[in-house]
Amino acid sequence: MGLILVRYVGEIGIKGHNRHLFVKRLRRNMRDALKKNGLSGNVWSEGQRILVEVDDTAVEPAIHALQRVFGIASISPVYRVPADVAAMGAVARQIAARLALQPPMTFRIQTRRADKSFPLTSPEINRQVGSAVYEATHAPVDLSDHADVTIGIEVREGYALVFGERIPGEGGMPLGTQGRVFVLLSGGIDSPVAAWLMMRRGCGIIPIHWAQNEVEREKALKNCEQLGRWSFGWEIKPIILDHNELMAPIVEQLREIGEERWTCVLCKRAMLLRAAELAPRYSVEAIVMGDSLGQVASQTLNNMAASSAGIDLPILRPLIAYDKVEIMALARRIGTFETSIQTASTCAYVPAHPLTNADRGRMQEILQRIGYANHP
């Protein structure tokens, strides 16, 4: 069997009396990641580490799956050996050979001694195991972070774990530990990235897509599927609503009074109000939007303040300080970019000259004139 060592992020480690709840959720999400990737294995905690046991042939696929589990800091395939320096040294030499360690490459040994009763200190273990590796490779030692190869050892009661790789995890918080949020999900680039960032902070997401046409609807659903590749421990179930049904009456009345320029602001407000109405049914605690400050007309500070006025739920905008290049880079890494840039259809209601500097007092006057002062 293959053994994998998983380290969780420091934020979990400082949770005090609640830490076990976060770790329990993380283990659950890890099991779900294995299952959804067609893998079987055992997942359990030992001290401040989580261990995963899978078939030897499944170690690499398991690591690839676990890299998409939020809350994991790093992952290492490990060898379990008796708590004996000679056994540690023998495995360290095997790892060095597998990593093709030879001059002028440098190496170091790093030991973490969880079992303080072990007769040798961490520096003594480093020296003895390091000597064994040097005798086999003649590679020079570099104790800094610039060493080409770092061989790690964790000494536990009765055994030791030895590893030569530390593969970065995604970080964040275990999905499902921070409540539920609605995400106003379009078919574009930004909102799926905003959804992913909230998932990374532990929120279970419920996307709401306001369907304008079949093309944008399919794009949104495909992006939900892609987000599902990261959603271990939480099933993404999007809600599809009719954008035309929401906006047609509002736009018609705005045209009648010659105030079409308010369309985008009132569209955002209507979406937020409807989401807030639905929130109790889904036990949702906040609404997430893909706004990036100043990117388009509806995303100026004044317009965001106006569209958010009167909404009781917190409105979260995780992309607010990101520029388009940064957002696109994240979309590529997440896997939503290619779908988002497919042929898009322009919203039929966008006015020729949208408002960029909405005044909330003026907005209330407009809403009263069209009969929407207290509802979408």
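What follows draws every value from the coordinates through simple rules; no lab data is involved. Treat the numbers as computed from the prediction; the structure is a model and nothing was measured. No Cβ is skipped: glycine too gets one built from the backbone with ideal geometry, and neighbour counts run over all protein chains shown.
Can you count the Lys pairs in the range 180-370 whose Cα atoms are under 21 Å apart, with each pair 8 or more apart or on different chains? Show your work: numbers first, answer last.
Values: 219/237; 219/268; 219/324; 222/237; 268/324.
Eligible lysine pairs with Cα atoms under 21 Å apart amount to 5.
Across bins of 5 angstrom width beginning at 0, how are the C-alpha pair distances of the range 2-168 distributed, in whole percent?
2, 9, 18, 19, 18, 16, 12, 6, 2, 0
Given 74, 327, 352, which one lies farthest toward the positive end of the charge dipole of the chain, if we put +1 on the Cβ of every Lys and Arg and -1 on the Cβ of every Asp and Glu?
74
Can you find, among 10, 109, 86, the residue farthest towards the positive end of the dipole of the range 2-168? Put +1 on the C-beta of Lys and Arg, -1 on that of Asp and Glu.
Of 10, 109, 86, it is 10.
Write down Rg/Rh for the range 254-376, rounded to two decimals, with Rg from the C-alpha atoms and Rh from the Kirkwood relation over Cα pairs.
Taking Rh as the inverse mean 1/r over Cα pairs, Rg/Rh reads 0.99.
Under 13 Å from the 7 Å Cα→Cβ point of residue 342, by amide nitrogen: which residues of the range 217-247?
217-226
If each residue's Cβ is checked for other Cβ atoms within 10 Å, how do 31, 332 rank with the fewest at the top?
By the 10 Å Cβ count, ascending, the order reads 332, 31.
In nm, to one decimal, how far is the modelled label at residue 121 from the one at residue 237, with both set 7 Å along Cα→Cβ?
5.8 nm
Working from Cα positions, state the angle (0 to 90°, nearest 10) between the long axis of helix 190-200 and the longest principal axis of the chain.
Between helix and principal axis, roughly 40 degrees.
Please determine, in degrees from 0 to 90 and to the nearest 10, the orientation of helix 263-282 with respect to the longest principal axis defined by the Cα atoms of the chain, where the helix direction is its Cα long axis.
Approximately 60 degrees, to the nearest 10.
For the range 317-370 and the range 124-178, what is the centre-to-centre distance using only Cα atoms, to the nearest Å?
46 Å
Please give the net charge around residue 45, taking every other residue with its beta carbon less than 10 angstrom from that of residue 45, where Lys and Arg add +1 and Asp and Glu add -1.
Here the count lands on +2.
Estimate the FRET efficiency between residue 87 and residue 325 by the formula 1/(1 + (r/R0)^6), using the beta-carbon distance for r and 35 Å for R0, to the nearest 0.05.
0.10
How about residue 35: which aspartates and glutamates have a C-alpha closer than 18 Å to its C-alpha, ignoring those fewer than 8 places off in the same chain?
Those aspartates and glutamates meeting the cut-off are 53, 55, 56, 60, 225, 235.
Using a/c under 1.5 as the rounded threshold, could you call the range 103-149 rounded, prolate or oblate? The axes a ≥ b ≥ c are square roots of the C-alpha gyration tensor eigenvalues, and prolate needs a/b larger than b/c, oblate otherwise.
oblate
Contact order normalised by length for the chain, with contacts defined as Cα pairs under 8 Å and 6 or more residues apart; what percent is it?
On the way: 716 pairs, mean separation 58.4, N = 376.
Once divided by the residue count of the chain, the mean separation gives 16 percent.
Need the full-extension length gain, residue 311 to residue 20, defined as separation in residues times 0.36 nm minus the C-alpha distance. One decimal, nm.
On the way: separation 291, 0.36 × 291 = 104.76 nm, distance 3.51 nm.
So the chain would gain 101.3 nm between residue 311 and residue 20.
Report the Cα-based extents of the chain along its three principal axes, largest first, to the nearest Å.
Ordered largest first, the chain gives principal extents of 87, 41, 35 Å.
May I ask for the angle, rounded to the nearest 10°, between helix 243-256 and the longest principal axis of the chain, with both axes built from Cα atoms and the value confined to 0 to 90°?
The helix 243-256 is inclined about 40 degrees to the chain.
Indicate, rounded to the nearest 5 percent, the antiparallel portion of the DSSP beta bridges found entirely in the range 2-168.
Restricted to the range 2-168, the bridges split so that about 75 percent are antiparallel.
If I stretch the segment between residue 145 and residue 57 completely, what's the gain in nm (0.36 nm per residue apart, minus their alpha carbon distance), one decimal? Intermediate results must be reported in sequence, preceding the final value.
Working: separation 88, 0.36 × 88 = 31.68 nm, distance 3.10 nm.
This chain segment gains 28.6 nm when fully extended.
Calculate, in nm to one decimal, what residue 112 and residue 64 gain on full extension: separation in residues at 0.36 nm each, minus their alpha carbon distance.
Extra length available between residue 112 and residue 64 comes to 14.7 nm.
Only Lys, Arg, Asp and Glu count, each charged at its Cβ (+1, +1, -1, -1), so figure out the dipole size of the chain about its Cα centre, rounded to 20 debye. Before the final figure, lay out each step's value.
Numbers: 43 positive and 39 negative charges, 155 e Å.
Here the chain has a charge dipole of around 740 debye.
May I ask what percent, to the nearest 5, of DSSP beta bridges between residues of the chain are antiparallel?
55 percent
Please list, by residue number, everything in the range 67-110 whose backbone N is under 15 Å from a paramagnetic label point 7 Å out along Cα→Cβ of residue 36.
Backbone N within reach: 67-72.
Using Cα pairs under 8 angstrom and six or more residues apart, how large is the relative contact order of the range 180-370, in percent?
Answer for the range 180-370 is 30 percent.
If you average the sequence gap of Cα pairs under 8 Å that are 6 or more apart and divide by the length of the range 2-168, what percent do you get for the contact order? Intermediate results must be reported in sequence, preceding the final value.
Numbers: 296 pairs, mean separation 43.6, N = 167.
26 percent.
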